[in-house]
Amino acid sequence: MIKKLALSALVLTSSLFASSEVNVYSHRHYDTDKKLFKMFEEKTGIKVNVVNAKASALIKRIESEGVKSPADVLITVDAGRLYQAKQKDILQAINSDYLNENIPANLRDIDNKWYALTKRSRVALYKIGSGIESKLTTYEDLAKPEFKGQIMVRSSNNIYNQSLMAAMIAHHGEEYSLNWAKGVVANMAKAPKGNDRYQVKAVANGIGQIAIANTYYIGKMVDNKDASQREAVKKVKVLFPKFENGGTHINVSGAGVAKYSPNKDNAIKFIEFMASKEAQKLFAQGNYEYPVLKGVKASELVSSWGTFEDDNISINTLGQNNKAAVKIFDKAGWK
Ligand SMILES: [Fe+2]
(Lines give C-alpha, C1' and ligand atoms only; values in the text may rest on other atoms or scores of the structure.)
Protein backbone atom coordinates (compact mmCIF):
# COMPACT_ATOMS: atom_id res chain seq x y z
CA MET A 1 0.00 0.00 0.00
CA ILE A 2 2.76 2.39 0.98
CA LYS A 3 4.62 1.40 -2.17
CA LYS A 4 1.55 2.11 -4.27
CA LEU A 5 1.05 5.49 -2.65
CA ALA A 6 4.67 6.40 -3.12
CA LEU A 7 4.43 5.43 -6.77
CA SER A 8 1.33 7.47 -7.43
CA ALA A 9 2.87 10.41 -5.59
CA LEU A 10 5.88 10.10 -7.86
CA VAL A 11 3.71 10.02 -10.97
CA LEU A 12 1.77 13.02 -9.71
CA THR A 13 4.92 15.00 -8.95
CA SER A 14 6.46 14.23 -12.31
CA SER A 15 3.30 15.15 -14.17
CA LEU A 16 3.01 18.36 -12.17
CA PHE A 17 6.62 19.11 -12.94
CA ALA A 18 6.10 18.33 -16.62
CA SER A 19 3.14 20.67 -16.89
CA SER A 20 5.06 23.56 -15.38
CA GLU A 21 8.08 23.64 -17.63
CA VAL A 22 9.04 24.27 -21.21
CA ASN A 23 12.26 23.04 -22.78
CA VAL A 24 13.64 25.53 -25.25
CA TYR A 25 16.40 24.63 -27.68
CA SER A 26 17.75 27.94 -28.88
CA HIS A 27 20.39 29.15 -31.27
CA ARG A 28 19.91 32.68 -29.98
CA HIS A 29 22.41 33.72 -27.36
CA TYR A 30 21.35 37.23 -26.43
CA ASP A 31 20.79 38.82 -23.02
CA THR A 32 17.43 40.02 -24.30
CA ASP A 33 16.30 36.43 -24.63
CA LYS A 34 17.35 35.61 -21.09
CA LYS A 35 15.29 38.55 -19.85
CA LEU A 36 12.31 37.39 -21.88
CA PHE A 37 12.55 33.85 -20.51
CA LYS A 38 12.50 35.26 -17.01
CA MET A 39 9.51 37.47 -17.80
CA PHE A 40 7.68 34.42 -19.14
CA GLU A 41 8.48 32.43 -16.00
CA GLU A 42 7.22 35.21 -13.75
CA LYS A 43 4.06 35.68 -15.75
CA THR A 44 3.08 32.03 -16.12
CA GLY A 45 4.91 30.07 -13.45
CA ILE A 46 6.21 27.84 -16.24
CA LYS A 47 9.92 27.17 -15.86
CA VAL A 48 12.02 27.73 -18.98
CA ASN A 49 14.87 25.24 -19.41
CA VAL A 50 17.24 26.35 -22.13
CA VAL A 51 19.65 24.35 -24.27
CA ASN A 52 21.90 26.70 -26.24
CA ALA A 53 23.78 25.54 -29.33
CA LYS A 54 24.08 26.21 -33.03
CA ALA A 55 20.95 25.48 -35.04
CA SER A 56 22.56 22.59 -36.92
CA ALA A 57 23.56 20.91 -33.64
CA LEU A 58 20.12 21.48 -32.11
CA ILE A 59 18.37 20.08 -35.16
CA LYS A 60 20.62 17.00 -35.09
CA ARG A 61 20.03 16.57 -31.40
CA ILE A 62 16.25 16.68 -31.74
CA GLU A 63 16.48 14.20 -34.62
CA SER A 64 18.60 11.76 -32.67
CA GLU A 65 16.52 12.09 -29.50
CA GLY A 66 13.52 11.04 -31.58
CA VAL A 67 10.20 10.39 -29.83
CA LYS A 68 11.88 10.76 -26.45
CA SER A 69 13.16 14.25 -27.16
CA PRO A 70 12.43 16.64 -24.29
CA ALA A 71 12.54 19.58 -26.71
CA ASP A 72 9.37 21.66 -26.73
CA VAL A 73 10.45 24.69 -28.71
CA LEU A 74 13.17 25.24 -31.29
CA ILE A 75 14.36 28.83 -31.78
CA THR A 76 16.74 29.63 -34.60
CA VAL A 77 17.99 32.61 -36.51
CA ASP A 78 17.51 32.72 -40.25
CA ALA A 79 14.51 31.45 -42.20
CA GLY A 80 16.81 29.03 -44.03
CA ARG A 81 17.42 27.13 -40.81
CA LEU A 82 13.75 27.12 -39.84
CA TYR A 83 13.05 25.60 -43.24
CA GLN A 84 15.74 22.95 -42.67
CA ALA A 85 14.18 22.03 -39.33
CA LYS A 86 10.82 21.63 -41.03
CA GLN A 87 12.33 19.51 -43.81
CA LYS A 88 13.92 17.20 -41.22
CA ASP A 89 10.42 16.71 -39.80
CA ILE A 90 11.27 17.74 -36.26
CA LEU A 91 8.55 20.39 -35.95
CA GLN A 92 4.78 20.09 -35.66
CA ALA A 93 1.99 22.29 -36.93
CA ILE A 94 0.24 24.26 -34.23
CA ASN A 95 -3.04 26.06 -34.09
CA SER A 96 -2.80 29.40 -32.36
CA ASP A 97 -5.36 32.07 -33.16
CA TYR A 98 -3.07 34.69 -31.65
CA LEU A 99 -0.11 33.77 -33.86
CA ASN A 100 -2.21 33.28 -36.98
CA GLU A 101 -3.81 36.67 -36.53
CA ASN A 102 -0.72 38.60 -35.55
CA ILE A 103 2.25 37.19 -37.45
CA PRO A 104 1.98 38.25 -41.10
CA ALA A 105 1.49 35.34 -43.51
CA ASN A 106 4.77 35.97 -45.33
CA LEU A 107 6.63 35.68 -42.02
CA ARG A 108 5.50 32.22 -41.02
CA ASP A 109 5.62 28.72 -42.32
CA ILE A 110 2.85 27.87 -44.79
CA ASP A 111 1.95 24.83 -42.62
CA ASN A 112 2.18 26.71 -39.29
CA LYS A 113 5.29 24.79 -38.23
CA TRP A 114 7.24 27.94 -37.39
CA TYR A 115 6.61 31.62 -36.81
CA ALA A 116 8.94 34.59 -37.13
CA LEU A 117 9.64 36.41 -33.88
CA THR A 118 11.92 39.16 -35.14
CA LYS A 119 13.03 40.65 -38.42
CA ARG A 120 16.43 41.85 -39.51
CA SER A 121 17.49 43.35 -42.75
CA ARG A 122 20.74 42.64 -44.61
CA VAL A 123 22.11 46.00 -45.59
CA ALA A 124 25.14 47.79 -46.99
CA LEU A 125 27.29 50.05 -44.84
CA TYR A 126 29.43 52.57 -46.63
CA LYS A 127 32.37 54.63 -45.51
CA ILE A 128 31.27 58.20 -44.79
CA GLY A 129 32.74 60.46 -47.44
CA SER A 130 33.10 57.72 -50.04
CA GLY A 131 30.15 58.93 -52.09
CA ILE A 132 28.87 55.37 -52.35
CA GLU A 133 25.36 56.48 -51.37
CA SER A 134 24.85 58.21 -54.71
CA LYS A 135 25.90 55.12 -56.71
CA LEU A 136 24.47 52.15 -54.86
CA THR A 137 20.72 51.61 -54.77
CA THR A 138 20.10 47.93 -55.36
CA TYR A 139 21.57 44.56 -54.44
CA GLU A 140 22.01 44.03 -58.16
CA ASP A 141 24.33 47.09 -58.18
CA LEU A 142 26.84 45.27 -55.98
CA ALA A 143 28.01 43.35 -59.04
CA LYS A 144 28.75 46.48 -61.08
CA PRO A 145 32.41 46.81 -62.12
CA GLU A 146 32.53 50.33 -60.67
CA PHE A 147 32.68 48.77 -57.20
CA LYS A 148 35.81 46.76 -57.94
CA GLY A 149 37.93 46.18 -54.84
CA GLN A 150 35.33 47.79 -52.56
CA ILE A 151 33.11 45.09 -51.14
CA MET A 152 33.64 43.42 -47.78
CA VAL A 153 31.37 40.44 -47.19
CA ARG A 154 31.64 37.24 -45.21
CA SER A 155 31.96 33.71 -46.52
CA SER A 156 29.26 31.94 -48.51
CA ASN A 157 28.98 29.16 -45.94
CA ASN A 158 27.13 31.70 -43.82
CA ILE A 159 23.38 31.27 -43.91
CA TYR A 160 22.69 35.04 -44.02
CA ASN A 161 24.47 35.21 -47.37
CA GLN A 162 22.79 32.04 -48.54
CA SER A 163 19.40 33.56 -47.78
CA LEU A 164 20.31 36.77 -49.62
CA MET A 165 21.29 34.63 -52.61
CA ALA A 166 18.06 32.63 -52.25
CA ALA A 167 16.17 35.91 -52.53
CA MET A 168 18.23 36.90 -55.58
CA ILE A 169 17.26 33.58 -57.20
CA ALA A 170 13.60 34.23 -56.39
CA HIS A 171 13.80 37.58 -58.17
CA HIS A 172 15.99 36.76 -61.15
CA GLY A 173 16.48 33.01 -61.55
CA GLU A 174 19.69 30.98 -61.27
CA GLU A 175 21.53 32.12 -64.37
CA TYR A 176 21.33 35.80 -63.49
CA SER A 177 22.19 35.05 -59.87
CA LEU A 178 25.35 33.18 -60.86
CA ASN A 179 26.53 36.13 -62.92
CA TRP A 180 25.66 38.45 -60.06
CA ALA A 181 27.70 36.33 -57.63
CA LYS A 182 30.65 36.34 -60.04
CA GLY A 183 30.40 40.12 -60.22
CA VAL A 184 30.38 40.48 -56.44
CA VAL A 185 33.37 38.12 -56.10
CA ALA A 186 35.25 40.26 -58.64
CA ASN A 187 34.43 43.33 -56.53
CA MET A 188 35.59 41.94 -53.20
CA ALA A 189 38.21 43.98 -51.37
CA LYS A 190 39.51 40.80 -49.75
CA ALA A 191 38.73 37.09 -49.76
CA PRO A 192 35.78 36.48 -47.41
CA LYS A 193 36.70 36.06 -43.78
CA GLY A 194 35.24 37.02 -40.39
CA ASN A 195 31.71 37.84 -39.31
CA ASP A 196 29.46 40.76 -40.18
CA ARG A 197 31.09 43.08 -37.63
CA TYR A 198 34.51 42.26 -39.08
CA GLN A 199 33.36 43.58 -42.48
CA VAL A 200 32.14 46.84 -40.91
CA LYS A 201 35.44 47.30 -39.08
CA ALA A 202 37.40 46.64 -42.27
CA VAL A 203 35.48 49.35 -44.14
CA ALA A 204 35.94 51.76 -41.21
CA ASN A 205 39.68 51.05 -41.47
CA GLY A 206 39.76 51.80 -45.18
CA ILE A 207 39.72 48.24 -46.53
CA GLY A 208 36.94 48.48 -49.10
CA GLN A 209 34.10 50.97 -48.94
CA ILE A 210 31.01 48.78 -48.70
CA ALA A 211 30.32 46.21 -45.99
CA ILE A 212 27.38 43.80 -46.02
CA ALA A 213 25.88 43.15 -42.60
CA ASN A 214 22.69 42.46 -40.70
CA THR A 215 21.13 45.50 -39.08
CA TYR A 216 21.20 44.39 -35.42
CA TYR A 217 25.00 44.11 -35.50
CA ILE A 218 25.17 47.82 -36.16
CA GLY A 219 23.11 48.48 -33.06
CA LYS A 220 25.31 46.14 -31.08
CA MET A 221 28.44 47.92 -32.32
CA VAL A 222 27.07 51.32 -31.29
CA ASP A 223 26.10 49.97 -27.88
CA ASN A 224 29.32 48.12 -27.06
CA LYS A 225 31.87 48.03 -24.25
CA ASP A 226 34.61 47.62 -26.85
CA ALA A 227 35.74 51.08 -28.00
CA SER A 228 37.09 49.75 -31.31
CA GLN A 229 33.57 48.66 -32.29
CA ARG A 230 32.03 51.96 -31.22
CA GLU A 231 34.66 53.94 -33.12
CA ALA A 232 34.41 51.79 -36.26
CA VAL A 233 30.67 52.17 -36.55
CA LYS A 234 30.96 55.99 -36.36
CA LYS A 235 32.81 55.94 -39.67
CA VAL A 236 30.08 54.20 -41.64
CA LYS A 237 26.47 54.80 -42.59
CA VAL A 238 23.65 52.40 -43.24
CA LEU A 239 22.21 52.12 -46.73
CA PHE A 240 19.16 49.99 -47.41
CA PRO A 241 19.59 48.46 -50.86
CA LYS A 242 16.51 46.99 -52.50
CA PHE A 243 15.96 44.47 -55.23
CA GLU A 244 15.21 46.00 -58.62
CA ASN A 245 11.73 44.48 -58.52
CA GLY A 246 11.25 44.28 -54.80
CA GLY A 247 12.24 45.70 -51.46
CA THR A 248 15.05 45.37 -48.95
CA HIS A 249 16.09 41.83 -48.07
CA ILE A 250 14.74 40.78 -44.72
CA ASN A 251 15.30 37.66 -42.75
CA VAL A 252 13.83 36.43 -39.49
CA SER A 253 14.55 34.58 -36.34
CA GLY A 254 11.70 32.36 -35.32
CA ALA A 255 10.36 29.46 -33.34
CA GLY A 256 8.43 26.25 -33.81
CA VAL A 257 7.05 23.53 -31.57
CA ALA A 258 9.10 20.32 -31.61
CA LYS A 259 7.39 17.30 -33.14
CA TYR A 260 7.38 15.24 -29.92
CA SER A 261 7.06 18.17 -27.52
CA PRO A 262 6.12 16.76 -24.09
CA ASN A 263 4.73 20.15 -23.01
CA LYS A 264 2.94 21.29 -26.12
CA ASP A 265 0.51 23.69 -24.42
CA ASN A 266 3.38 25.42 -22.66
CA ALA A 267 5.34 25.52 -25.90
CA ILE A 268 2.51 27.34 -27.67
CA LYS A 269 2.08 29.72 -24.71
CA PHE A 270 5.80 30.39 -24.84
CA ILE A 271 5.82 31.26 -28.55
CA GLU A 272 2.71 33.40 -28.13
CA PHE A 273 4.47 35.27 -25.34
CA MET A 274 7.54 35.85 -27.54
CA ALA A 275 5.19 37.41 -30.08
CA SER A 276 3.36 39.50 -27.46
CA LYS A 277 3.60 43.26 -27.34
CA GLU A 278 5.88 43.35 -24.30
CA ALA A 279 8.28 40.76 -25.69
CA GLN A 280 8.35 42.41 -29.11
CA LYS A 281 9.21 45.74 -27.47
CA LEU A 282 12.15 44.16 -25.71
CA PHE A 283 13.44 42.49 -28.91
CA ALA A 284 13.31 45.91 -30.54
CA GLN A 285 14.84 47.91 -27.70
CA GLY A 286 17.29 45.39 -26.32
CA ASN A 287 18.55 43.62 -29.42
CA TYR A 288 18.02 46.18 -32.20
CA GLU A 289 15.80 43.85 -34.19
CA TYR A 290 12.65 44.81 -36.05
CA PRO A 291 9.49 43.60 -34.32
CA VAL A 292 7.12 41.39 -36.31
CA LEU A 293 4.07 42.57 -34.40
CA LYS A 294 2.17 45.48 -35.89
CA GLY A 295 2.11 48.57 -33.71
CA VAL A 296 5.46 47.87 -32.02
CA LYS A 297 8.12 50.28 -33.17
CA ALA A 298 11.80 49.74 -33.87
CA SER A 299 14.17 51.35 -31.36
CA GLU A 300 15.11 54.99 -31.75
CA LEU A 301 18.61 54.08 -32.88
CA VAL A 302 17.38 51.58 -35.46
CA SER A 303 14.77 54.07 -36.73
CA SER A 304 17.49 56.72 -37.12
CA TRP A 305 19.06 54.69 -39.95
CA GLY A 306 16.03 55.31 -42.11
CA THR A 307 13.07 53.40 -43.40
CA PHE A 308 12.72 50.77 -46.08
CA GLU A 309 10.15 48.55 -47.63
CA ASP A 310 10.41 44.83 -46.94
CA ASP A 311 11.14 42.66 -49.93
CA ASN A 312 7.97 41.17 -51.36
CA ILE A 313 8.96 37.48 -51.48
CA SER A 314 7.72 35.04 -48.87
CA ILE A 315 10.31 34.18 -46.26
CA ASN A 316 9.58 30.50 -47.05
CA THR A 317 11.40 30.98 -50.35
CA LEU A 318 14.69 31.56 -48.55
CA GLY A 319 14.69 27.96 -47.39
CA GLN A 320 13.33 26.54 -50.62
CA ASN A 321 16.16 28.14 -52.63
CA ASN A 322 18.94 27.41 -50.16
CA LYS A 323 20.47 24.44 -51.99
CA ALA A 324 20.51 26.29 -55.29
CA ALA A 325 22.11 29.26 -53.53
CA VAL A 326 24.95 27.13 -52.12
CA LYS A 327 25.62 25.66 -55.58
CA ILE A 328 25.78 29.09 -57.18
CA PHE A 329 28.24 30.34 -54.56
CA ASP A 330 30.50 27.37 -55.29
CA LYS A 331 30.33 27.94 -59.03
CA ALA A 332 31.04 31.63 -58.63
CA GLY A 333 34.09 30.99 -56.43
CA TRP A 334 32.61 32.89 -53.47
CA LYS A 335 34.63 31.29 -50.68
FE1 LIG B 1 23.61 37.01 -36.28
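The values are calculated or read from the model by the stated rules, or taken from the named source; none is laboratory data. Remember, it's a predicted structure, so these values are computed and weren't measured experimentally. Glycine gets a Cβ as well: all are built from the backbone with ideal geometry, and neighbour counts include every protein chain shown. These area figures cover heavy atoms from the full protein model, side chains too; ligands, DNA and RNA do not enter into them. Shrake-Rupley method; radii C 1.70, N 1.55, O 1.52, S 1.80 Å.
Normalised per residue, the accessible area of the chain is 46 Å², obtained with a 1.4 Å probe and no contribution from ligands, DNA or RNA.
The range 107-187 gives an Rg/Rh value of 1.03, both radii derived from C-alpha positions and Rh following Kirkwood. Taking the square roots of five times each eigenvalue of the Cα gyration tensor of the range 186-230, the equivalent ellipsoid has semi-axes of 20, 11, 8 Å, listed largest first. The alpha carbon gyration tensor of the range 63-154 gives principal lengths a ≥ b ≥ c with a/c of 1.5 or higher and a/b greater than b/c, which makes the shape prolate.
Highest GNM mean-square fluctuation among Ala284, Ala232, Ala191, for the chain modelled with Cα contacts below 10 Å: Ala191. Label reach from Ser56 (point 7 Å along Cα→C-beta): in the range 161-176, no amide nitrogen lies under 13 Å. As a ratio to 2.2 N^0.38 Å, the alpha-carbon radius of gyration computed for the range 296-335 takes the value 1.78.
Taking the accessible area of the chain, probe 1.4 Å, and keeping the other protein chains in place, the carbon and sulfur fraction comes to 52%.
Put simply, the Cα atoms of the range 231-335 extend 45, 37, 30 Å along their principal axes, the longest span coming first. Mind giving me the FRET efficiency for Ser155 and Thr307? R0 is 51 Å, r the Cβ-Cβ distance, nearest 0.05 is fine. For R0 = 51 Å, the calculated efficiency reads 0.95. Relative contact order of the chain, taken over Cα pairs closer than 8 Å and 6 or more residues apart, is 28 percent.
Across all C-alpha atoms in the range 146-217, the radius of gyration and Dmax reach 12.1, 36 Å.
Shape analysis of the range 168-278 yields a ratio of the Cα radius of gyration to the Kirkwood radius, Rg/Rh, of 1.09. The value for the range 214-287 of Rg(Cα) / (2.2 N^0.38 Å) is 1.55. Relative to the compact-globule estimate of 2.2 N^0.38 Å, the Cα radius of gyration of the chain comes out at 1.07. Positive contributions from Lys and Arg (+1) and negative ones from Asp and Glu (-1), summed over other residues with Cβ under 14 Å from the Cβ of Arg154, come out at +4.
A straight chain from Tyr98 to Glu65 at 0.36 nm per residue would run longer than the Cα-Cα distance by 8.9 nm. Taking every Cα-Cα distance in the range 143-185 and sorting them into 10 Å bins from zero, the calculated P(r) comes out as 28, 54, 18 percent.
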